[in-house]
Amino acid sequence: MQYSRVALRLSRASALRNTVVSSVRNVSQVRNLHVQAPASLYTVGYDRLKQNNTVRNGFLKTQMRTYADKVVQVPQMAESISEGTLKQWVKSVGDFVHQDEEVATIETDKIDVTVNSPASGTIIEVYANEEDNVSVGADFFKLELGDAPKEGAAPKKEEAKKEEPKSEEPKKEEPKKEEAKKEEVKKEESPKPAAPKPEVTKSEVPQEKIYGSRNETRVKMNRMRLRIAERLKQSQDTAASLTTFNEIDMSNLMGLRAEYKDAVLKKHGVKFGFMSAFVKAAAVALEEIPAVNASIDGNEIVYHDFVDMSVAVSTPKGLVTPVLRNVEEMNYLDIEKNIADLGKKARDNKITIEDMAGGTFTISNGGVFGSLMGTPIINLPQTAILGMHAIKERPIAVNGKVEIRPMMYVALTYDHRLVDGREAVTFLVRIKELVEDPRRLLLNI
């Protein structure tokens with residue numbers, strides 16, 4: 001990297017003394033400072049400069065640094081996170097980075113944190129390797145502050161690299177001569193008689209044949225997967241979980257979606273799906289039955305007068321549950337827009353701790369993967385979770401007649417320590433009513 005040179009000619013002794021003193025205090029953080037004055041005039045720091053070979057013939061040497069080397073620490077990730085695992089160095093030693101450019105990725109038990117450069121400069125040293133655990137506030141990498149290298153500097157390095165192989169070409173002939181001599185010696189040697197092969201009896205031949213591979217592969221669990229496993233096991237050990245089931249006729253909702261989905265997409269730019277209907281129905285039911293929206297904190301019950309809905313989203317690294325805030329104030333389209341935004345952030349690895357913090361109730365849609373029925377696990381400290389499943393056409397009785405209808409099984413797993421069976425069943429039946437007939441939401445019945 002080329003740096004601009006600053007030529008200083010100081011006429012007053014006091015001004016030069018201040019410059020020398022400040023330079024001596026941190027010589028390693030100064031570059032290309034040119035001083036043309038007798039160094040012997042300044043007693044402060046003169047001996048140190050002389051010991052460092054900075055004084056020559058009574059004058060200060062040139063080429064002292066003016067650009068600082070900045071050590072960047074591991075950034076704060078969240079209040080509850082004190083360390084993480086370094087998954088990838090996006091930049092390497094010697095690379096130039098601009099301010100706010102991504103340098104590395106740190107994996108935590110909740111999200112992947114992107115570490116950006118606080119200033120422009122060149123990375124001259126790193127203090128951790130990939131897969132190392134790094135703590136918040138620890139030294140992470142050293143940055144040599146400065147501007148981007150000028151055009152024309154890089155090609156010189158490339159030319160030097162290209163010249164290196166040419167100088168080594170004549171040396172490659174020597175090993176070939178040695179190999180030729182060895183081959184001649186081997187030919188002169190008389191071949192040794194082959195050792196007699198031991199006879200193999202039929203009883204020694206293995207009778208059983210093994211088909212296919214028998215290899216095993218061990219992969220280290222990432223922090224998010226370890227945290228998910230810990231939380232799910234904690235939920236099973238803590239909550240008195242019980243699951244109740246019901247089925248929903250999706251005919252009316254599917255008809256509503258088929259009729260208006262194109263108009264909604266054209267006017268609002270969002271796809272009209274089934275998730276918004278279940279989220280809105282659950283928000284209404286949670287306001288009517290507050291115990292399902294509550295949580296246990298020690299020996300106390302915490303009731304919430306708001307509905308923050310955690311929506312389970314599958315990502316390559318595991319299941320995350322971003323939160324929709326104050327769902328009770330949203331309509332179908334507001335819910336669809338927020339779900340789409342959070343889902344995209346989760347899949348792009350850009351979701352934050354704040355996006356997943358809190359939540360008073362969770363909805364998990366295993367139906368997108370074809371699940372017919374299942375029992376979801378409560379997301380502590382919440383009290384219940386609703387499981388949606390695949391829509392399948394089945395024969396059912398309608399007004400005394402057998403008809404084929406699109407049906408969905410739904411499951412509500414609840415903590416029996418706080419929610420009684422009557423409340424859980426009433427809650428699930430209320431969701432069934434609001435989804436089967438969305439007009440009830442308009443009439444508030």
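So, in the range 320-345, of the ones that are within 30 Å of Lys220 (Cα to Cα) and buried (at least 16 other Cβ atoms within 10 Å of the Cβ), which residue ends up modelled with the highest pLDDT? Quick ask: steps written out before the conclusion?
As a first pass, look at the range 320-345 and keep what is within 30 Å of Lys220 (Cα to Cα): 320-323, 342-345.
From the residues that got through so far, the ones that are buried (at least 16 other Cβ atoms within 10 Å of the Cβ) too are 320-323, 342-343, 345.
Values: Val320: 82, Thr321: 86, Pro322: 90, Val323: 93, Leu342: 87, Gly343: 81, Lys345: 84.
Among those residues, the one meeting the criterion is Val323.
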Per the list (1) at pLDDT 85 or above; (2) over 30 Å from Arg440 (Cβ atoms); (3) exposed (fewer than 14 other Cβ atoms within 10 Å of the Cβ), residue check on Ala258 breaks on (2)
Given (1) part of a helix (DSSP H, G or I); (2) more than 16 Å from Leu434 (Cβ to Cβ); (3) in contact with a Ser or Thr (Cβ under 6 Å, 6 or more places away or on another chain), Ile335 misses just (2)
Expected output for the range 284-307 (first residue within 16 Å of Tyr414 (Cα to Cα), partner of a type in the set (Val, Ile, Thr) and open to solvent by 60 Å² or more (accessible area, probe 1.4 Å), Cβ below 6 Å, 6+ apart or cross-chain) is Ala294/Ile301
Is there a residue being touching a residue at least 60 places away in the same chain (Cβ under 8 Å), of a type outside the set (Ser, Thr, Tyr), assigned to a helix (DSSP H, G or I) and touching a helix residue (DSSP H, G or I) at 6+ places or on another chain (Cβ under 9 Å) anywhere in the range 312-326?
no
Exactly one of Val425, Val435 is part of a helix (DSSP H, G or I), open to solvent by 50 Å² or more (accessible area, probe 1.4 Å) and touching a residue at least 24 places away in the same chain (Cβ under 8 Å), and that residue is Val425
Inset, instruction - Test Asn299 against the stated conditions and say whether it is exposed (fewer than 13 other Cβ atoms within 10 Å of the Cβ), in the same structural domain as Gly359 (by the TED database) and touching a helix residue (DSSP H, G or I) at 6+ places or on another chain (Cβ under 9 Å). - result: no
Residues in the range 372-419 that are open to solvent by 20 Å² or more (accessible area, probe 1.4 Å) and under 30 Å from Ala240 (Cα atoms) total 14
Can you confirm whether Val264 is open to solvent by less than 70 Å² (accessible area, probe 1.4 Å), closer than 16 Å to Ala424 by Cβ and not in a loop (DSSP other than H, G, I, E, B)?
no
Q.
Looking at the range 220-227, can you tell me whether even one residue there is touching a helix residue (DSSP H, G or I) at 6+ places or on another chain (Cβ under 8 Å), open to solvent by 70 Å² or more (accessible area, probe 1.4 Å) and assigned to a helix (DSSP H, G or I)?
A. no
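Looking only at the range 231-255, how many residues end up being part of a helix (DSSP H, G or I), touching a residue at least 60 places away in the same chain (Cβ under 8 Å) and open to solvent by 60 Å² or more (accessible area, probe 1.4 Å)?
The initial filter retains those residues of the range 231-255 that are part of a helix (DSSP H, G or I), namely 231-238, 251-255.
Within this subset, residues satisfying the condition of being touching a residue at least 60 places away in the same chain (Cβ under 8 Å) are 231-232, 234-236, 238, 251-254.
With open to solvent by 60 Å² or more (accessible area, probe 1.4 Å) added as a condition, the list becomes 231-232, 234, 236, 238, 252, 254.
Summing the residues that are part of a helix (DSSP H, G or I), touching a residue at least 60 places away in the same chain (Cβ under 8 Å) and open to solvent by 60 Å² or more (accessible area, probe 1.4 Å) in the range 231-255 gives 7.
Residue-by-condition table, conditions (1) farther than 22 Å from Ile353 by Cβ; (2) without any contact (Cβ under 8 Å) to a residue 24 or more places away in the chain; (3) assigned to a strand (DSSP E or B); (4) among the small types (Gly, Ala, Ser):
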{"residue": "Gln88", "(1), (2), (3), (4)": "no, no, yes, no"}
{"residue": "Lys91", "(1), (2), (3), (4)": "yes, no, no, no"}
{"residue": "Asp100", "(1), (2), (3), (4)": "no, yes, no, no"}
{"residue": "Ala104", "(1), (2), (3), (4)": "no, no, yes, yes"}
{"residue": "Asp109", "(1), (2), (3), (4)": "no, no, no, no"}
{"residue": "Glu125", "(1), (2), (3), (4)": "yes, no, yes, no"}
{"residue": "Ala128", "(1), (2), (3), (4)": "no, no, no, yes"}
{"residue": "Glu131", "(1), (2), (3), (4)": "yes, no, no, no"}
Asn349 meets each of (1) closer than 18 Å to Ala282 by Cβ; (2) under 23 Å from the mean Cα position of the chain (by Cα) with one exception, condition (1)
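Select from the range 397-420 the residues that are charged (D, E, K, R) and part of a strand (DSSP E or B) and list them in ascending order.
Step one: filter the range 397-420 for residues charged (D, E, K, R), giving 401, 403, 405, 415, 417, 420.
Those that are charged (D, E, K, R) and part of a strand (DSSP E or B): Lys401, Glu403, Arg405, Asp415.
For the subset of the range 133-147 comprising residues that are in a strand (DSSP E or B) and either more than 30 Å from Val219 (Cβ to Cβ) or not assigned by the TED database to the domain that holds Gln88 (or both), which member is least open to solvent (accessible area, probe 1.4 Å)?
Here is the first cut: in the range 133-147, the residues in a strand (DSSP E or B) are 133-135, 139-145.
Okay, now just the ones that are also either more than 30 Å from Val219 (Cβ to Cβ) or not assigned by the TED database to the domain that holds Gln88 (or both), so 142-145.
Numbers: Lys142: 50, Leu143: 0, Glu144: 31, Leu145: 44 Å².
Among those residues, the one meeting the criterion is Leu143.
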Of the conditions (1) open to solvent by less than 20 Å² (accessible area, probe 1.4 Å); (2) under 28 Å from the mean Cα position of the chain (by Cα), the single one that Gly358 does not satisfy is (1)
Residue hits (the range 356-370; among the hydroxyl-bearing types (Ser, Thr, Tyr) and over 21 Å from Ser80 (Cα atoms)) are Thr362, Ser364
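The values are calculated or read from the model by the stated rules, or taken from the named source; none is laboratory data. Quantities reported herein were computed from a predicted structural model and do not represent experimental measurements. Don't worry about glycine lacking a Cβ; one is built from the backbone with ideal geometry, like all the others, and counts go over all protein chains shown. What goes into the accessible areas is simple: the full protein's heavy atoms, side chains included, and nothing from ligands, DNA or RNA. Shrake-Rupley method; radii C 1.70, N 1.55, O 1.52, S 1.80 Å.
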